[in-house]
Amino acid sequence: FQIGNKNGTRGPLFRVAASRARVMELVTASLGAADDPATTAKAETAFLVGILSFVHVLLGVDRKRALSGLTLPEDMRLALSEHEGDLGRLLRLTECMDGGEFAELATIAEELSVAPDALWAHQREAFDWVMRMI
């Protein structure tokens, strides 16, 4: 994910992948109990799905081909390849955020019970987190 880095800075692919992954992690964590190990595990999985959602770009191949070389749990594979399940819907939500597809974003946020102000707060926190790493 360091493609395009110069002078010790992180490349653009890193910034986008990391911010998407962090938003997915924060949204997932906000939907569960704070002290619940299952919530923590789901949030970590969401983060990984966010990072892996750009593996095809990193490798320069289509998404299905990139995923074919990875051994992933079924929920992660379906999220990445078909946008299925909660992880898949959350991935699509972040893709809509990245692409400015606000009508679909609003629909998915409502499906996932994520309030617009909470989503905005998660996005700001993710951007701040990424910028501290650069």
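Observations
- When the residues of the stretch 25-47 are filtered to those that are surrounded by fewer than 16 Cβ atoms within 10 Å (Cβ to Cβ) and over 13 Å from residue 87 (Cα atoms), the one that is modelled with the lowest pLDDT is 34.
- Residue count for the stretch 74-101, restricted to those that are in a loop (DSSP other than H, G, I, E, B) and of a type in the set (Asp, Glu): 2
- Flag if residue 57 is in a helix (DSSP H, G or I), over 14 Å from the mean Cα position of the chain (by Cα) and either charged (D, E, K, R) or surrounded by 14 or more Cβ atoms within 10 Å (Cβ to Cβ) (or both): yes
- Residue within the stretch 95-117 that is in contact with an Asp or Glu (Cβ under 6 Å, 6 or more places away or on another chain), more than 11 Å from residue 23 (Cβ to Cβ) and free of Cβ contacts under 8 Å to residues at least 40 places away in the same chain present: yes
The values are calculated or read from the model by the stated rules, or taken from the named source; none is laboratory data. Just so it is clear, the model here is predicted, and its values are computed rather than measured. With ideal geometry, Cβ positions are generated from the backbone for all residues, glycine too; neighbour counts draw on all protein chains shown.
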